[in-house]
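The block underneath contains the structure these notes are about, expressed in structure tokens.
The values are calculated or read from the model by the stated rules, or taken from the named source; none is laboratory data. It should be emphasised that the depicted structure is a prediction, and the values quoted were computed from it without experimental measurement. Counting neighbours? That spans all protein chains shown, and the Cβs are built from the backbone with ideal geometry, glycine included. Keep in mind that these areas ignore ligands, DNA and RNA; they rest on the heavy atoms of the full protein, side chains included. Shrake-Rupley method; radii C 1.70, N 1.55, O 1.52, S 1.80 Å.
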Amino acid sequence: AVVSTQSGHYGRGTIMVLNRVTYRRRLSYNTKSNKTHVTKTPGGKLVIHYATKKTQISKCGDCKLGLRGIPAVRPVKLASLSRRVKKVNRVYGGSKCGKCVRSRIIRAFLIEEQKIVAKVLKAQAAKS
């Protein structure tokens, strides 16, 4: 990354100061993982600061909405967090949102009820 600044006075001659900054790490290409910005230190030097990638919030597996209560951190940081931070205290906590869990439970209950009703109707039909 090269930053050029012009400073000086206009008159007899223009003084041009070219401040160059170089990468501090081994990766020398302008890739997604190597994004930087130039910062001036209190001593007046220009240095490169590396930008961290933006994090994505964890999403529900069914409805794809963001999960509340789970921090939006990079995967490496997520691996170092404790289990209680990564999930909420519920069935499918940290994987599915509360609405989807509720609908799953209700659906399972209704399917079981339907099976029982079918069994009772079958028994009544066999009896008569």
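Backbone amide hydrogens, once placed in the peptide plane, bring LYS59 within less than 5 Å of LEU67, excluding anything fewer than 5 places away on its chain. Remark: the stretch 23-35, residue by residue, has Karplus-estimated 3J(HN,Hα) of 4, 9, 10, 6, 5, 10, 10, 7, 9, 4, 8, 10, 7 Hz, where x stands for each Gly or Pro and the curve is 6.51 cos²θ - 1.76 cosθ + 1.60 at θ = phi - 60°. Sequentially through the stretch 36-43, phi angles give Karplus couplings (6.51, -1.76, 1.60; θ = phi - 60°) of 9, 9, 8, 10, 9, 7, x, x Hz, Gly and Pro residues having no value and appearing as x. In this structure, the pairs whose alpha-carbon distance is over 23 Å, taken from LYS53/LYS96; LYS40/LYS77; LYS35/LYS77; LYS64/LYS99; LYS54/LYS86; LYS53/LYS77, are LYS53/LYS96; LYS40/LYS77. Comparing GLY94, GLY43, GLY69 in a Gaussian network model of the chain, where Cα atoms under 10 Å apart are tied by springs, the biggest mean-square fluctuation is seen for GLY43. With unit charges on the beta carbon (Lys/Arg positive, Asp/Glu negative), name the residue among LEU121, GLY61, GLY44 whose Cα is farthest towards the positive pole of the charge dipole of the chain. Farthest towards the positive end: LEU121. For the stretch 11-128, what does the relative contact order come out to in percent, with C-alpha contacts under 8 Å and a separation of six or more? Reported relative contact order: 15 percent. Accessible surface of the chain, 1.4 Å probe: 56 percent of it comes from carbon and sulfur atoms. If you plug the beta carbon distance of VAL91 and LEU65 into 1/(1 + (r/R0)^6) with R0 = 22 Å, you get a FRET efficiency near 0.80. In order along the stretch 89-104, the Karplus-derived 3J(HN,Hα) couplings, from 6.51 cos²θ - 1.76 cosθ + 1.60 at θ = phi - 60°, round to 7, 7, 4, 6, x, x, 10, 10, 7, x, 5, 5, 5, 4, 5, 5 Hz, and Gly and Pro are given as x.
Think of a 1.4 Å ball rolled over the protein heavy atoms: the chain then has 86 Å² of accessible area per residue. Give the label of the value calculated from the structure for Cα Rg over 2.2 N^0.38 Å, choosing from (i) 1.37; (ii) 2.19; (iii) 1.16. Checking each listed value against the structure points to (ii). Between VAL101, VAL88, VAL21, the GNM of the chain built on Cα springs shorter than 10 angstrom shows VAL21 fluctuating the most.
When peptides 57-68, 115-126 are sorted by average Cβ neighbour count within 10 Å, with the highest value leading, the order is 57-68, 115-126. Counted by Cβ distance under 14 Å from LYS115, the other residues give a net charge of +1, where Lys and Arg count +1 and Asp and Glu count -1.
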